[in-house]
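Asks: I have a structure here, written as structure tokens, and I will follow up with some questions on it.
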Amino acid sequence: MIKTEQEYKRCMTQVAQQEQLLAEQRAELEKMGLTKEQIERGLAPARFFGERLKREIHEYESYKSGQFDMRCTLDNIGRQLIAFRIYKGISQAELAKRLGVSPPQVSRDERNEYGGASMEKIKQVLKALEMEVWIVPSDLEQVSG
């Protein structure tokens, strides 16, 4: 999960480099006379890595534009807090300042997606971000009717 603008920019650069490298590798494999299937099989791991980065970039851009569900479970509250911070355009350093903690503490919390955080800490982060959530049971079943 991309958590900072710096990581986002780094991933964008990596994707561009990855695509150029894939094109170069494809050309080399074609020169070697490999079949299309062999080439695709050979490039699959690198392509998988690039697709993963693209999904993370898309997720970050979605958070930044406010495209996320306001309902969450206790299982995903950490990711939701990070999404809210990104949406609000608040850096980890600014959030740390609002919470009265060090920036490395916020970075650690986010790296662990607030795993093990107390409800009090979650409330403090939500207040600092000026956000509210609806927490639903993680095993909530959809009732159709």
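Asks: Taking the condition open to solvent by less than 60 Å² (accessible area, probe 1.4 Å) and of a type in the set (Ser, Thr, Tyr), does residue 60 pass?
Replies: yes
Asks: When you scan the stretch 137-145, do you find a residue that is open to solvent by less than 60 Å² (accessible area, probe 1.4 Å) and either on the phi < 0 side of the Ramachandran plot or outside any loop (DSSP other than H, G, I, E, B) (or both), even just one?
Replies: No, because not a single residue in the stretch 137-145 is open to solvent by less than 60 Å² (accessible area, probe 1.4 Å) and either on the phi < 0 side of the Ramachandran plot or outside any loop (DSSP other than H, G, I, E, B) (or both).
Asks: Here is a list: 91, 65. Which entry is surrounded by 15 or more Cβ atoms within 10 Å (Cβ to Cβ) and of a type in the set (Gly, Ala, Ser)?
Replies: 91
Asks: Working only within the stretch 26-50, note down all residues that are open to solvent by 40 Å² or more (accessible area, probe 1.4 Å) and either in contact with a Phe, Trp or Tyr (Cβ under 9 Å, 6 or more places away or on another chain) or β-branched (Val, Ile, Thr) (or both).
Replies: 35
Asks: Quick one: is residue 57 closer than 28 Å to residue 124 by Cα, β-branched (Val, Ile, Thr) and in a helix (DSSP H, G or I)?
Replies: In short, yes.
Asks: Taking the residues in the stretch 71-88 that are open to solvent by 30 Å² or more (accessible area, probe 1.4 Å) and either in a helix (DSSP H, G or I) or at pLDDT 95 or above (or both) as candidates, determine which candidate is farthest from residue 1 (Cα to Cα). Outline the logic, then answer.
Replies: Filtering the stretch 71-88 down to residues open to solvent by 30 Å² or more (accessible area, probe 1.4 Å) leaves 71, 74-76, 79, 87-88.
So of that shortlist, the ones also either in a helix (DSSP H, G or I) or at pLDDT 95 or above (or both) come out as 79, 87-88.
Values: 79: 9, 87: 14, 88: 17 Å.
So the residue we want is 88.
Asks: Looking only at residues in the stretch 114-135 that are part of a helix (DSSP H, G or I), among the charged types (D, E, K, R) and open to solvent by 80 Å² or more (accessible area, probe 1.4 Å), which one is nearest to residue 95 (Cα to Cα)?
Replies: Filtering the stretch 114-135 for residues that are part of a helix (DSSP H, G or I), among the charged types (D, E, K, R) and open to solvent by 80 Å² or more (accessible area, probe 1.4 Å), the one nearest to residue 95 (Cα to Cα) comes out as 127.
Asks: If I ask for residues that are over 22 Å from residue 64 (Cα atoms) and in contact with an Asp or Glu (Cβ under 9 Å, 6 or more places away or on another chain), which ones from the stretch 89-138 would you list?
Replies: 101, 115, 117, 121, 138 - these are the residues of the stretch 89-138 that are over 22 Å from residue 64 (Cα atoms) and in contact with an Asp or Glu (Cβ under 9 Å, 6 or more places away or on another chain).
Asks: Further question on the same structure: Give me the pairs: first residue in the stretch 1-29 and over 22 Å from residue 64 (Cβ atoms), second residue among the β-branched types (Val, Ile, Thr), beta-carbon distance under 6 Å, and six or more apart or on different chains, which are they?
Replies: Note: pairs meeting the criteria are 29/39.
Asks: Additional query: So which residues in the stretch 121-139 are without any contact (Cβ under 8 Å) to a residue 40 or more places away in the chain and small (Gly, Ala, Ser)?
Replies: 128
Asks: Read through the list (1) under 23 Å from residue 5 (Cβ atoms); (2) in contact (Cβ under 8 Å) with a residue 40 or more places away in the chain; (3) outside any helix (DSSP H, G or I), then give the number of the only condition that residue 68 fails.
Replies: (2)
Asks: To continue, here is another question. From the residues in the stretch 94-103 that are over 17 Å from residue 78 (Cβ atoms) and assigned to a helix (DSSP H, G or I), which one is most open to solvent (accessible area, probe 1.4 Å)?
Replies: 97
Asks: If we scan the stretch 128-137, do we find a residue that is in contact with a helix residue (DSSP H, G or I) (Cβ under 8 Å, 6 or more places away or on another chain), under 21 Å from residue 59 (Cβ atoms) and of a type in the set (Gly, Ala, Ser)?
Replies: No: zero hits.
The values are calculated or read from the model by the stated rules, or taken from the named source; none is laboratory data. Keep in mind the model is a prediction, meaning the values are calculated, not measured. Here Cβ is always computed from backbone atoms with ideal geometry, including for glycine, and neighbour counts include all displayed protein chains. What goes into the accessible areas is simple: the full protein's heavy atoms, side chains included, and nothing from ligands, DNA or RNA. Shrake-Rupley method; radii C 1.70, N 1.55, O 1.52, S 1.80 Å.
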